[in-house]
Amino acid sequence: MPAGTQAMFATAQDAEQAFYRALAQADLDGLMRVWAADEEVVCVHPGGLRVVGHLAVRESWQDILAHGSLLIETSRLIEQTTVVSATHCVIEQISAHGPDGVQHAYCYATNVFHKGSSGWRLVLHHASAAPQSAGAMDLHDQPGTLH
């Protein structure tokens, strides 16, 4: 896609797929085309502080992608959709190559999308570390600690 061209995402699923594809390709510009271009966007990386605003979100991803791509597979989608918003709660399996081979980490992530005149856009990505058991095929989501 030429520089400056705004992608049009027909569904929240299309936007989410583009988000994870851009991470796998370490494509910062492609990643930021998924985000809404306003100052109300929010991103929380695992163990990190809340990042608010388009420029701050871009800078946070730039720092992360400077180390290379993120290969993330999502599973166990819980989706809530209205005419103009969609919330996706997923389990992310993040794969990284390390000295001992491929390492896996798991996160719980919530992606919130809003539909506007330019299609669906990401307005919030919140990821937090999950236990290794989050990747188990027979894991059943259960209520946990109330906070």
Test each condition in (1) of a type in the set (Ser, Thr, Tyr); (2) under 17 Å from Leu31 (Cβ atoms); (3) at pLDDT 95 or above for Ser85 and report the one that comes out false.
(2)
Confirm whether His125 is within 15 Å of Glu16 (Cβ to Cβ), touching a Cys at 6+ places or on another chain (Cβ under 6 Å) and not in a helix (DSSP H, G or I).
yes
Residues of the stretch 44-60 being closer than 12 Å to Leu124 by Cβ and either aliphatic (A, V, I, L, M) or touching a residue at least 40 places away in the same chain (Cβ under 8 Å) (or both), in sequence order, are Val44, Val51, Val52, Val57
Can you pull out every residue in the stretch 66-103 that is surrounded by 15 or more Cβ atoms within 10 Å (Cβ to Cβ), part of a strand (DSSP E or B) and in contact with a Ser or Thr (Cβ under 9 Å, 6 or more places away or on another chain)?
Leu71, Ile72, Ala86, Thr87, His88, Cys89, Val90, Ile91, Glu92, Gln93
Take the stretch 8-33 and flag every residue that is polar (S, T, N, Q) and not in a loop (DSSP other than H, G, I, E, B).
Gln13, Gln17
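Please indicate, with yes or no, whether at least one residue in the stretch 6-13 is of a type outside the set (Gly, Ala, Ser), at pLDDT 95 or above, surrounded by 17 or more Cβ atoms within 10 Å (Cβ to Cβ) and farther than 19 Å from His67 by Cβ. Don't jump to the end; show me each part of the working.
Taking the stretch 6-13 first, the residues of a type outside the set (Gly, Ala, Ser) are 6, 8-9, 11, 13.
Okay, now just the ones that are also at pLDDT 95 or above, so 9, 11, 13.
Add one more test, that the residue is surrounded by 17 or more Cβ atoms within 10 Å (Cβ to Cβ), and what stays is 9.
Now drop any that are not farther than 19 Å from His67 by Cβ, which leaves 9.
Yes, the stretch 6-13 contains a residue that is of a type outside the set (Gly, Ala, Ser), at pLDDT 95 or above, surrounded by 17 or more Cβ atoms within 10 Å (Cβ to Cβ) and farther than 19 Å from His67 by Cβ.
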Within the stretch 41-65, restricting to residues that are closer than 16 Å to Thr110 by Cα and assigned to a loop (DSSP other than H, G, I, E, B), the one that is nearest to the chain's Cα centre (by Cα) is His45
When the stretch 66-84 is checked residue by residue, the ones that are within 13 Å of the chain's Cα centre (by Cα) and more than 18 Å from Val34 (Cβ to Cβ) are Ser75
Give the residues of the stretch 11-34 that are touching a helix residue (DSSP H, G or I) at 6+ places or on another chain (Cβ under 7 Å) and within 16 Å of Thr87 (Cβ to Cβ), sorted by residue number.
Ala15, Phe19, Val34
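Quick one: would you say Arg21 is touching a Leu at 6+ places or on another chain (Cβ under 8 Å) and within 26 Å of His97 (Cα to Cα)?
Numbers: touching a Leu at 6+ places or on another chain (Cβ under 8 Å): no; within 26 Å of His97 (Cα to Cα): yes.
So Arg21 does not fit the description; no.
The values are calculated or read from the model by the stated rules, or taken from the named source; none is laboratory data. Please read these numbers as outputs of a predicted model, since none were measured by experiment. For neighbour counting, all protein chains shown are included, and Cβ atoms are generated from backbone atoms with ideal geometry for every residue, glycine included.
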